[in-house]
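The block underneath contains the structure these notes are about, expressed in structure tokens.
The values are calculated or read from the model by the stated rules, or taken from the named source; none is laboratory data. Keep in mind that what you see is a predicted model, and the values were worked out from it rather than measured. Ideal geometry is used to build each Cβ from the backbone, glycine not excepted, and the neighbour counts take in all protein chains shown. Just the protein is used for accessible areas: all its heavy atoms, side chains included, with ligands, DNA and RNA removed. Shrake-Rupley method; radii C 1.70, N 1.55, O 1.52, S 1.80 Å.
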Amino acid sequence: MTGGMTNTVAVVGGGPAGLAAALALAGRGLRPIVLEADAGPGGRARADVVGEFRFDRGAEFVASFYRPARALVERLGLTASLRRVPLDGDVSVGGRRHRLPASPWSVFATPLLSLRSKARLWTFGMASLRWRRSLRWDRLERAARLDDRSASEYFAERVGTDYVEFLLRPTLECLALSPAAGTSRVVALSQAREAIGAKLLCPPGGVGRIFEEAARRVEFRPLHEVARVGRTDRGVRVELAGGGALEAAGAVIAVPPPVVVRISPPDLPEAAAAACARWAPAVKLHLALETQVANARPVCPAGPGEHALAGVGFLEAKRTDQAPTGRSGVNVCASPALSRALLEASDDEVETRLRLEAERLLGFALPRASARSIVRLEVGVPLFHPGWIRTLAGLRAEASPAPIAFAGDWLGSPSLDGAIRTGEEAAGRVAEWLRSGTGALEDHGRDGG
């Protein structure tokens, strides 16, 4: 290994996981080179700029219990600029809107739950204190022993079906695009525990600002799609889809599971796990409205049956300067089922369908839009189905220093925080391998590039 290659690490993917990995590698004295297929940083957390509006493509906040994410924001010097996003929204049941309970007290005051369910919820809350040390959002694998049932099945039995239909489903399916019937109870339990007293935070201009700042601090190469990552006697070879290659001492692969399967050495445990991963697609409509909406409160559907939308939100409701004064920016997020149906639809078809569904959910017509954008994500969010956290616990138990390490929300938690945490951990594994010397390559096999 010669010249600058001895401390160069290729980071495949410029989303939250990849940029967190790059910053961590740079902090260890290494030279990360971030290779991103898109034109800008942020991945699924990238800003979608529509005229004077800045929409978040994916994550719209950093929760106060997102420990790795909060630490990253602090390292970037953005903590002082964070603004609190109001915990203020509605659920719509049969065309009637109710305040979404945002505190333990409002849960017990809401008319959405029966007295019996409220009593059982209180009893359940007291009993669940025994899990308080294992239920951490940034360490879901600690509760792997509880990863045996879906959230809907578990809470329907312990609390009541009304809790599942009117509170659990809206929060999981709106915030995480994750169906309660296909989500591990560990995710719901951890979310419920951490949410008590939590705050939602966002920098001015949206979450995308975090990763724009991160990309400025590392060597970021946009429009560099990777075709294959392989190991050589000298380190790692990253082949680019447009031709050419990058020789490096190690690599962090921070891309969604389908891309992991396509570009990675198949003998690595994470690559095998990626082949079994599940995810939900996401289709979002962003509208720059010509006038302001009077009742700009976010709303999501609730109640039995399938829903066309995950939810509708307004930029000005966040109070983060993402919409110009006197105008409204609305984002309409389709449910995973409708997203799947709309992935290949024309832009006009998507706008017509999602605008109609949004107006039906809101109960009023939206003003005229001066501009629009449509986000299509085949891999929108990872699905942490029952059993997946046990899989991740097994991978983590076997993790060791390696020339190639993997990162992404699908390996941590279904959130921005999971992406950042795993990016930093992957950087640590590669840095340790490089520090131990290249002889360690023999212990991890080879896949000649």
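Each row is one residue, and each column tells you yes or no for (1) within 27 Å of Leu268 (Cα to Cα); (2) in contact with a strand residue (DSSP E or B) (Cβ under 8 Å, 6 or more places away or on another chain); (3) in a helix (DSSP H, G or I); (4) open to solvent by 50 Å² or more (accessible area, probe 1.4 Å).
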position: Gln191; (1), (2), (3), (4): no, no, yes, no
position: Glu194; (1), (2), (3), (4): no, yes, yes, no
position: Leu201; (1), (2), (3), (4): no, yes, no, no
position: Pro204; (1), (2), (3), (4): no, yes, no, no
position: Glu213; (1), (2), (3), (4): no, no, yes, no
position: Phe220; (1), (2), (3), (4): yes, yes, no, no
position: Arg228; (1), (2), (3), (4): yes, yes, no, yes
position: Arg231; (1), (2), (3), (4): yes, yes, no, no
What helices (runs of 4 or more DSSP H), lying completely within region 247-344, carry at least 2 residues that are more than 30 Å from Val9 (Cα to Cα) and out of contact with any Gly (no Cβ under 6 Å at 6 or more places or on another chain)? 315-318, 336-342
Could you grab the pairs with beta carbons closer than 9 Å, sequence gap of 6+ or different chains, first residue in region 350-363 and under 13 Å from Asn331 (Cα atoms), second one assigned to a helix (DSSP H, G or I)? Val350/Leu342; Leu354/Leu338; Leu354/Leu342; Glu357/Leu338
With modelled with pLDDT under 95, crowded, with 21+ Cβ neighbours inside 10 Å and in contact with a strand residue (DSSP E or B) (Cβ under 9 Å, 6 or more places away or on another chain) as the only criterion, which of Lys318, Lys284 stands out? Lys318
Odd one out for Ala405 among (1) open to solvent by less than 40 Å² (accessible area, probe 1.4 Å); (2) assigned to a helix (DSSP H, G or I); (3) not charged (D, E, K, R): (2)
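Conditions (1) at pLDDT below 95; (2) part of a loop (DSSP other than H, G, I, E, B), marked per residue:
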site	(1), (2)
Leu23	no, no
Pro32	no, no
Ala37	no, yes
Phe55	no, no
Ala59	yes, yes
Ala71	no, no
Arg84	no, no
Arg97	yes, no
Please find, among Ala45, Ala39, Ala69, the residue that is within 21 Å of Val379 (Cβ to Cβ), open to solvent by 20 Å² or more (accessible area, probe 1.4 Å), among the hydrophobic types (A, V, I, L, M, F, W, C) and in contact (Cβ under 8 Å) with a residue 12 or more places away in the chain. Ala39
In region 126-145, what count of residues is obtained for those that are without any contact (Cβ under 8 Å) to a residue 60 or more places away in the chain and open to solvent by less than 10 Å² (accessible area, probe 1.4 Å)? 1
Out of region 287-299, which residues are under 25 Å from the mean Cα position of the chain (by Cα) and open to solvent by 10 Å² or more (accessible area, probe 1.4 Å)? Ala296, Arg297, Pro298
Find the residue count for region 261-270, including only residues that are modelled with pLDDT of 95 or more and surrounded by fewer than 19 Cβ atoms within 10 Å (Cβ to Cβ). 2
Would you mind stating whether Asp321 is farther than 25 Å from Ala45 by Cβ and of a type in the set (Asp, Glu)? no
Restricting to region 379-399, what's the tally of residues that are within 20 Å of the chain's Cα centre (by Cα) and part of a loop (DSSP other than H, G, I, E, B)? 5
Looking only at region 81-100, and only at residues there that are among the small types (Gly, Ala, Ser) and over 23 Å from the mean Cα position of the chain (by Cα), the one that is farthest from Leu167 (Cα to Cα): Gly95
Criterion (more than 28 Å from the chain's Cα centre (by Cα) and over 30 Å from Arg396 (Cα atoms)) met by exactly one of Ser103, Ser114: Ser114
Look through region 233-258, keep the residues that are at pLDDT below 95 and surrounded by 16 or more Cβ atoms within 10 Å (Cβ to Cβ), and return whichever of them is nearest to Ala47 (Cα to Cα). Gly235
